[in-house]
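K.L.:
Structure incoming, see below.
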Amino acid sequence: MQTATNSNVYYITDLVMLSFLVFFAFIVRKSKRGIMPVAVLTPMTAADENEWKRVNKLNATLIFIIFIPLLVANIVLLIVDRSGRYGLTFTLIIGAGIFVYYAILMAYTDIRERRWLAEQKRKGHPVSEFEFAFPGVSKKRLITGFIALVCVIITFMILGRVLNF
């Protein structure tokens with residue numbers, strides 16, 4: 001039978017990770033354009049302060065909507081589930097939440113950027129057809145952030161197992 005400290009490893013690492021994400025959302029909401037390295041930075045958000053605010057407001061709102069309920073559920077499970085039976089399952093649910101978060105953010109940014117590029121083209125600014133068809137910079141940025149977040153999750157999981165908390 002597992003001890004209480006070994007059985008709660010997943011919940012504790014999830015708690016740290018979710019707390020970090022919620023803290024990150026507070027920072028993103030107040031960040032100035034181009035300061036946050038993981039915030040959504042595209043040619044559109046780099047050029048237009050209003051688009052920067054709009055996209056990063058959605059970024060922070062999505063984190064609050066998806067991850068605060070998961071944080072509360074994690075705390076409840078940490079208290080209630082002494083055996084740690086659902087720890088890995090809950091971690092996988094958090095992973096699915098991260099995937100949904102990035103998918104929504106990527107789609108929203110892509111749509112906003114296509115509209116912004118069309119507007120720039122109407123104003124006579126040079127916009128290549130390739131850039132209009134594949135805005136892509138936002139996708140690269142979001143995919144890089146997703147990979148970094150997965151690495152953070154894996155690091156927390158490994159640290160949790162090594163430190164046995």
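The values are calculated or read from the model by the stated rules, or taken from the named source; none is laboratory data. Just so it is clear, the model here is predicted, and its values are computed rather than measured. Glycine gets a Cβ as well: all are built from the backbone with ideal geometry, and neighbour counts include every protein chain shown.
K.L.:
Give the number of residues within the stretch 84-117 that are in contact with a Pro (Cβ under 8 Å, 6 or more places away or on another chain) and among the basic types (Lys, Arg).
P.N.:
1
K.L.:
Output the qualifying pairs, or none if there are none: Cβ atoms under 7 angstrom, residues six or more apart or on different chains, first residue in the stretch 84-108 and surrounded by fewer than 19 Cβ atoms within 10 Å (Cβ to Cβ), second residue basic (Lys, Arg) and in a helix (DSSP H, G or I).
P.N.:
Hits for this filter: Met106/Lys139.
K.L.:
Of a type in the set (A, V, I, L, M), modelled with pLDDT under 85 and in contact with a helix residue (DSSP H, G or I) (Cβ under 6 Å, 6 or more places away or on another chain) - does that describe any residue in the stretch 57-78?
P.N.:
no
K.L.:
On to the next question. The conditions are (1) part of a helix (DSSP H, G or I); (2) farther than 20 Å from Ala148 by Cα; (3) of a type outside the set (S, T, N, Q), and Leu62 fails exactly one of them. Which is it?
P.N.:
With respect to (1) part of a helix (DSSP H, G or I); (2) farther than 20 Å from Ala148 by Cα; (3) of a type outside the set (S, T, N, Q), Leu62 is out only on (2).
K.L.:
Taking the options Glu119, Glu113, name whichever one is surrounded by fewer than 16 Cβ atoms within 10 Å (Cβ to Cβ), at pLDDT 75 or above and in a helix (DSSP H, G or I).
P.N.:
Working: Glu113 fails: surrounded by fewer than 16 Cβ atoms within 10 Å (Cβ to Cβ).
Step by step, each of Glu119, Glu113 is checked, and only Glu119 is surrounded by fewer than 16 Cβ atoms within 10 Å (Cβ to Cβ), at pLDDT 75 or above and in a helix (DSSP H, G or I).
K.L.:
If you don't mind, another one. Which residues, counting only those in the stretch 61-83, are buried (at least 16 other Cβ atoms within 10 Å of the Cβ), farther than 30 Å from Lys30 by Cα and not charged (D, E, K, R)?
P.N.:
The answer is Leu77, Leu78.
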